[in-house]
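Colleague: Starting off with a structure, shown below.
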Amino acid sequence: MKAFYRLLNYEFGELLKEVLIICGGLIVTTLIFIQIELTNYNSFTVHERYEDIFRSSGGPIIFLVFLVLLLALYVIATNAPYMGSRSIYTFLTLPVKRELLYFSKLTAFLIGMLMLLAAQLISYRLGYGIMMNKIEGYADGQYVMMNGLFLSLIRSDFMQMLWPSSLLGITATVSVLVTLVTGLYYVLLCERSKKRWGNVLIVLAFNLISRSVLLRIEHIDSFEIKSIIIVTVLLFIFNIVFIWHSLSLIKKGAVA
Amino acid sequence: MGENTAIIKIVAAIKRHAAIPLLVICLLLLLFTLTGLYGAKDKATFKAEHQWGDPAVLDDVTISGQLLDGYHNASFAWKGSDVFVKTRLNAIAEQPNFYRYSHGGEKKIGNFRYMVYNYEYSYKLGYEVTEREFSGNKQVSNNRAIAVIPLEFSAIDKSQSPYMNSNEYGIAKIEDDVFFTVTTTRAYHGQNGIYKLSFSDDYSNDKPVSEPITTFSLDLNKDEQSMGIEVLGLEAVGDKLALILVKEGKLVVEGYNLDGSLIGSASVEPFALNGWGHSTPSAESVSERYEAFANKGEQTLTLSFRRDALQRKAVTFSFAQSVELTDVTDMTIGSDLFIEDRILGLQYMTYKSGKMYVVSSLQELEEESHRDTFYATIAPRRLLVQVYEKGKLVYKGELITDINDDLIRLKNINASSIGYSTIDNRNFYEFHIE
């Protein structure tokens with residue numbers, strides 16, 4: 001356990017500065033774009049609902065960009081020990097179980113992902129504050145929606161995908177985000193071990209992820225809940241395969 | 001130099017232990033923010049506003065209903081001066097399954113929808129009733145029943161409507177039993193009846209054929225001097241059936257037990273109808289297309305007849321002992337700029353402890369020319385409650401909600417870019433008074 005704790009903190013420490021920059025970047029960029037979207041708002045203009053302002057100011061795309069940045073950081077962090085100092089040799093000779101090497105890195109990645117999500121939620125919350133601050137100030141606040149933040153949260157397809165209230169929704173979201181991390185790590189390990197067929201699994205998993213996202217971002221009827229359950233279960237199975245095969249690769253000493 | 005090394009040491013120490021604390025901070029932050037955000041579901045406005053009269057009349061009734069869009073559904077119950085609200089979130093956005101009876105469409109009773117088709121069967125009039133059961137938006141069963149009724153149709157004037165009301169007015173349901181009668185006009189002779197429908201999912205033949213629990217003769221229609229006998233519909237009041245007739249120019253309601261025995265009957269006169277083949281519309285005449293509201297507990301049946309867009313004549317019969325006429329209330333709902341809900345035409349009324357309670361969703365128009373246009377669909381909605389006693393208005397109140405905040409985004413908008421959907425905008429639904 002102590003070895004795991006040390007390894008986890010080592011891996012996480014390597015990422016910390018960049019993850020914090022990415023999180024900060026997400027919040028600042030989102031807020032700037034919301035501010036720009038609101039520039040022309042006055043008592044004679046159309047006032048969109050907050051969920052629409054968030055969307056048209058690019059909130060979901062900005063999140064996607066910073067998510068890609070975070071994943072790119074993970075690629076660099078995974079490949080780094082194989083380059084330059086080639087510290088991977090040191091790692092593989094450490095007197096710890098090799099599974100710990102894998103899980104410590106994976107956990108560090110997942111904590112980073114959680115931080116990005118928290119930053120997203122904070123930016124949504126702060127963005128609403130910016131909007132309220134502006135529209136409360138004129139026309140006697142007649143453009144203010146009672147309980148608007150709650151309504152925007154449940155009416156935004158994007159926010160409902162990231163922050164659902166139902167157990168099924170939460171499970172589906174977790175399955176997508178975790179698969180992104182385990183899948184990415186897995187494909188990198190395959191690359192190192194010259195096991196190219198791992199790419200096939202990744203393509204399949206990526207298809208499932210996009211299916212899951214599409215199913216949930218569109219207005220759909222209740223009978224499609226079944227499809228979401230199937231996709232989510234499949235994603236969890238993929239996760240198990242990724243983790244199991246990653247472990248076997250790392251045990252064999254994926255160095256190449 | 002020493003300071004620098006100290007900072008480096010601190011940074012290194014933080015790095016060595018950062019993972020778990022940051023994880024915990026993130027989780028707590030998410031937990032608090034999300035609890036706050038979702039906790040706000042109970043912060044919507046639901047406030048009773050007494051506008052006129054003594055609010056004490058609301059003390060022993062509960063006015064309930066829903067306020068919903070595709071994402072959430074708030075059920076409210078207004079008792080006295082308090083409003084209790086329960087909000088449910090939809091796991092996945094769904095098109096609200098609104099139902100409004102339209103002439104010639106299906107009649108909804110609970111989760112079931114009924115539709116009547118008629119055809120000739122061995123020179124007799126046959127009626128096929130389909131029963132579709134729904135669970136949410138999904139159909140779970142589809143059955144049909146057949147009733148062959150010894151009626152003779154002798155329409156002289158082809159332009160005359162063959163029925164008093166659409167056939168679905170003849171359907172009533174008590175527990176699991178469905179009853180049917182034909183809404184015959186003066187042009188029918190022979191025997192009508194109340195038929196207990198035997199449903200089956202077998203579409204291959206015309207069996208089983210439903211049997212009547214009681215029959216009644218239409219011979220009065222042969223007498224040229226008489227004003228004849230006509231059937232407006234069939235309704236359920238608790239475990240009794242109410243046959244709504246127009247006999248000799250009077251509105252007659254006959255009560256039946258499920259075995260077909262007559263409980264009694266009561267009538268209202270004069271009663272002028274303004275549909276096909278009836279007196280020309282006058283100030284007093286009402287439309288045949290009534291709305292029925294049964295109060296199971298009080299054993300009363302209220303029939304609301306439409307005089308025009310704003311006026312209703314509500315007649316209430318008590319089925320507690322025999323059948324008695326208990327109340328006639330002429331009511332005016334809204335005004336020229338204050339019209340009934342365009343999407344759902346929502347209204348509910350009930351007669352309880354000597355008072356007539358009416359709840360309606362009304363829409364405020366900016367100008368009268370908006371009445372039948374899209375502007376009426378997006379006009380602000382208000383939920384109003386009226387209470388009448390012995391035909392006189394004694395109370396007026398309103399349930400204040402945030403429903404019209406959904407329309408804020410339409411302010412200052414270019415008319416051509418107005419969009420409206422019941423997924424993104426809240427609507428009232430399913431009013432009830434107990």
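Colleague: For the condition among the hydrophobic types (A, V, I, L, M, F, W, C), within 14 Å of B:Thr185 (Cβ to Cβ), touching a Phe, Trp or Tyr at 6+ places or on another chain (Cβ under 6 Å) and surrounded by 20 or more Cβ atoms within 10 Å (Cβ to Cβ), what is the one hit in B:Leu241, B:Leu245, B:Leu251, B:Leu218?
Modeller: Working: B:Leu241 fails: within 14 Å of B:Thr185 (Cβ to Cβ); B:Leu245 fails: touching a Phe, Trp or Tyr at 6+ places or on another chain (Cβ under 6 Å); B:Leu251 fails: within 14 Å of B:Thr185 (Cβ to Cβ).
Testing whether each residue is among the hydrophobic types (A, V, I, L, M, F, W, C), within 14 Å of B:Thr185 (Cβ to Cβ), touching a Phe, Trp or Tyr at 6+ places or on another chain (Cβ under 6 Å) and surrounded by 20 or more Cβ atoms within 10 Å (Cβ to Cβ) leaves just B:Leu218.
Colleague: Taking the residues in the range B:27-63 that are of a type in the set (S, T, N, Q) and part of a helix (DSSP H, G or I) as candidates, determine which candidate is nearest to the chain's Cα centre (by Cα). Don't jump to the end; show me each part of the working.
Modeller: Filtering the range B:27-63 for residues of a type in the set (S, T, N, Q) gives B:33, B:35, B:45, B:51, B:62.
Now drop any that are not part of a helix (DSSP H, G or I), which leaves B:33, B:35.
On the way: B:Thr33: 40, B:Thr35: 36 Å.
Once the filter is applied, the top-ranked residue is B:Thr35.
Colleague: Give the range A:110-143 a look and list any residue that's facing chain B (nearest Cβ under 8 Å) and over 19 Å from A:Phe33 (Cα atoms), or say none. Lay out the reasoning, then the answer.
Modeller: Within the range A:110-143, the subset facing chain B (nearest Cβ under 8 Å) is A:111, A:114-115, A:117-118, A:121-122, A:125, A:142-143.
Residues satisfying the conditions are A:Ile111, A:Leu114, A:Met115, A:Gln142, A:Tyr143.
Colleague: Got a sec? Which of A:Leu70, A:Leu101 is of a type outside the set (Val, Ile, Thr), outside the structural domain of A:Val176 (by TED's automatic domain parsing) and without any contact (Cβ under 8 Å) to a residue 60 or more places away in the chain?
Modeller: From the options A:Leu70, A:Leu101, the qualifying one is A:Leu70.
Colleague: Please count how many residues of the range A:53-97 are under 27 Å from A:Gln35 (Cβ atoms) and part of a loop (DSSP other than H, G, I, E, B).
Modeller: Matching residues across the range A:53-97 total 2.
Colleague: Right, something else. From A:Ser156, A:Ser165, which residue is under 18 Å from the mean Cα position of the chain (by Cα), at the interface with chain B (Cβ under 9 Å from one of its Cβ atoms) and either within 29 Å of A:Ser210 (Cα to Cα) or not aromatic (Phe, Trp, Tyr) (or both)? Full working, then the answer.
Modeller: On the way: A:Ser156 fails: at the interface with chain B (Cβ under 9 Å from one of its Cβ atoms).
Result of the check over A:Ser156, A:Ser165: A:Ser165.
Colleague: Is there any pair linking a residue in the range B:29-41 that is at the interface with chain A (Cβ under 7 Å from one of its Cβ atoms) to one that is surrounded by fewer than 16 Cβ atoms within 10 Å (Cβ to Cβ) and part of a helix (DSSP H, G or I), with Cβ under 7 Å and at least six apart or on different chains, and which?
Modeller: The qualifying pairs are B:Thr33/A:Arg125.
Colleague: Are any residues in the range B:172-214 basic (Lys, Arg) and within 15 Å of B:Val129 (Cβ to Cβ), and if so, which ones? Spell out how you get there, then give the answer.
Modeller: As a first pass, look at the range B:172-214 and keep what is basic (Lys, Arg): B:173, B:186, B:196, B:207.
Answer for the range B:172-214, where residues must be basic (Lys, Arg) and within 15 Å of B:Val129 (Cβ to Cβ): B:Lys173, B:Lys196, B:Lys207.
Colleague: Report yes if A:Val174 is free of Cβ contacts under 8 Å to residues at least 40 places away in the same chain, within 14 Å of chain B (Cβ to nearest Cβ) and either at positive phi or not hydroxyl-bearing (Ser, Thr, Tyr) (or both), otherwise no. Spell out how you get there, then give the answer.
Modeller: Details: free of Cβ contacts under 8 Å to residues at least 40 places away in the same chain: yes; within 14 Å of chain B (Cβ to nearest Cβ): yes; either at positive phi or not hydroxyl-bearing (Ser, Thr, Tyr) (or both): yes.
In short, yes.
Colleague: What residue, of B:Tyr351, B:Tyr420, B:Tyr375, is crowded, with 20+ Cβ neighbours inside 10 Å and either under 20 Å from the mean Cα position of the chain (by Cα) or at pLDDT below 95 (or both)? Steps first, please.
Modeller: Working: B:Tyr420 fails: crowded, with 20+ Cβ neighbours inside 10 Å; B:Tyr375 fails: crowded, with 20+ Cβ neighbours inside 10 Å.
Matching residue, one of B:Tyr351, B:Tyr420, B:Tyr375: B:Tyr351.
Colleague: Residue by residue through the range B:286-324, note down the ones that are more than 23 Å from B:Glu168 (Cβ to Cβ) and small (Gly, Ala, Ser).
Modeller: Filtering the range B:286-324 down to residues more than 23 Å from B:Glu168 (Cβ to Cβ) leaves B:297-299, B:308, B:310-311, B:318, B:320-324.
Within the range B:286-324, B:Gly297, B:Ser318, B:Ala320, B:Ser322 qualify.
The values are calculated or read from the model by the stated rules, or taken from the named source; none is laboratory data. No experiment lies behind these values; they were computed from the predicted model shown. Virtual Cβ from ideal backbone geometry, glycine too; neighbours counted across all protein chains shown.
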